[in-house]
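A short write-up of the structure that comes next.
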Amino acid sequence: MNNTSKFELTVADLEARNIEGACATVESRIEAYRTREPLANPNLIVNENAEAVENVGRRIPEVDEQELTADLLRENLADYGALIVRNMFSNTTTNTLTKAADQVITACDDPSKPPPANTYFNPPTNLSSIMPRADKELGNTRTFHRDSGSAMCVEAPSVAEALLQLYEEKGLKDLLGEYLGEPPCLSVKKWVMRRSKLPVSEAGWHQDGAFMGTNINSINMWLPLNRCGGETGSPGMDVVPRRLNKIVSADGAQFNWSVSSTQVTDTFADNQPLMPVFNAGDAFFFDHFFLHRTQFRTDFTKIRFAVETWFFGASSFPKNQIPLAW
Ligand SMILES: O=C(O)CCC(=O)C(=O)O
């Protein structure tokens, strides 16, 4: 990316944002998709009927921010299923986001005692009406996040709007639009701040397409906020380093959208999982076919914070993940 901006997200800037204004903006982003349906036959980046991609090596490629282009992203996802961009976000920005993630997740901890509206908590009023089964679905989604040590970014519209500004200043809106072939949108459910719970649960292998559907174009940017993965003592991600263009069977798995550890070991005998080391501010890109889980081992000692942002094509999105306009 040659137009990389030096934009930093500071706590002072974040907390100076207009709380009501941010909330109204996020509400209107959600409304923009209330009646909008995805195309029945979008032009898909990954074709499920294509021949399986030959394995090009057991690694996840890495580049610097300056090297990142939509073509490079496309080539690496086509060959390896993922790409790590090193040092994409500054320490100031990751420190601010760590505080934000901690505060947002804590604010969502006890639904019976919501805090007064503030920078880190002010959920849009249309969240329950936008969900397919209104309050039930919203309640289930929030319980799922609470149990997983995560919270939806839209619970804190000031944080959500600050993230969108950060991404736009970084040139990501244009770059991801070029990658997706049309402007990106985001999703209420799959835009998440994470604070890992220790110990980590083992049963987490999944491809996000298993519950989003596969008639979509997607790109996830997973942004670790502290050093993690490998032998760092803080959970990163376990990943199967290859391009997949189908959903792997859920046989023997805990959920119908997950994949058992035995299945991973047997199916990918030549492509055993990797556990990359990530630094705060790296960006890890992959799509809805990439097979991964929160890194599993029993001896983690350090919590890990992260922001997970899924982007979709403005007309090739999973309606069940509650799209919102960018
Ligand atoms: O943060 C994690 O540990 C899991 C993230 C994940 O599954 C995802 O980004 O799809």
ask   = Is there any pair with a first residue in segment 197-214 that is touching a residue at least 60 places away in the same chain (Cβ under 8 Å) and farther than 14 Å from residue 291 by Cβ and a second that is among the β-branched types (Val, Ile, Thr) and within 11 Å of the ligand (Cβ to nearest atom) whose Cβ atoms are under 6 Å apart and which are 6 or more apart or on different chains, and what are they?
value = 200/294
task = Look at segment 268-283 and say how many of its residues are under 19 Å from residue 306 (Cβ atoms) and without any contact (Cβ under 8 Å) to a residue 40 or more places away in the chain.
result = 1
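Of these, 106, 98, 94, which one is out of contact with any strand residue (DSSP E or B) (no Cβ under 7 Å at 6 or more places or on another chain), hydroxyl-bearing (Ser, Thr, Tyr), buried (at least 18 other Cβ atoms within 10 Å of the Cβ) and in a helix (DSSP H, G or I)? Walk me through how you get there before you give the answer.
Details: 106 fails: buried (at least 18 other Cβ atoms within 10 Å of the Cβ); 98 fails: out of contact with any strand residue (DSSP E or B) (no Cβ under 7 Å at 6 or more places or on another chain).
Matching residue, one of 106, 98, 94: 94.
Just to be sure before I move on: is residue 113 under 24 Å from residue 21 (Cα atoms) and surrounded by fewer than 22 Cβ atoms within 10 Å (Cβ to Cβ) in the structure I sent? It would help to see each step written out before you state the result.
On the way: under 24 Å from residue 21 (Cα atoms): yes; surrounded by fewer than 22 Cβ atoms within 10 Å (Cβ to Cβ): yes.
For residue 113, the condition - under 24 Å from residue 21 (Cα atoms) and surrounded by fewer than 22 Cβ atoms within 10 Å (Cβ to Cβ) - is met.
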key: Scan of segment 25-35 for residues that are surrounded by 14 or more Cβ atoms within 10 Å (Cβ to Cβ) and of a type outside the set (Phe, Trp, Tyr), ordered by number   = 25, 26, 27, 29, 30, 31, 32
inquiry  = If I ask for residues that are more than 25 Å from residue 277 (Cβ to Cβ) and in contact with a Leu (Cβ under 6 Å, 6 or more places away or on another chain), which ones from segment 34-81 would you list?
reply    = 70
query = What helices (runs of 4 or more DSSP H) lie completely within segment 127-203 and have 2 or more residues being touching a Leu at 6+ places or on another chain (Cβ under 8 Å) and of a type outside the set (Gly, Ala, Ser)?
reply = 157-169, 172-180
request  = Check residue 22 against each of (1) part of a loop (DSSP other than H, G, I, E, B); (2) surrounded by 16 or more Cβ atoms within 10 Å (Cβ to Cβ); (3) out of contact with any Leu (no Cβ under 7 Å at 6 or more places or on another chain) and name the one condition it does not meet.
outcome  = (1)
message = I'd like to check which strands (runs of 3 or more DSSP E) are fully inside segment 230-326 and have at least 2 residues that are surrounded by 22 or more Cβ atoms within 10 Å (Cβ to Cβ), of a type in the set (A, V, I, L, M, F, W, C) and within 16 Å of the ligand (Cβ to nearest atom).
response = 237-239, 283-286, 305-313
query = What number of residues within segment 95-150 are touching a residue at least 60 places away in the same chain (Cβ under 8 Å) and of a type in the set (D, E, K, R)?
reply = 2
remark   = Within segment 51-66, the count of residues that are more than 14 Å from residue 77 (Cα to Cα), touching a residue at least 24 places away in the same chain (Cβ under 8 Å) and loosely packed, with under 12 Cβ neighbours inside 10 Å comes to 1
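FYI, it's all coordinate maths here, none of it is from the lab. In this text, all values refer to a predicted model and were calculated from it rather than measured experimentally. Using ideal geometry, Cβ is built from the backbone for each residue, glycine included, and neighbour counts are taken over all protein chains shown.
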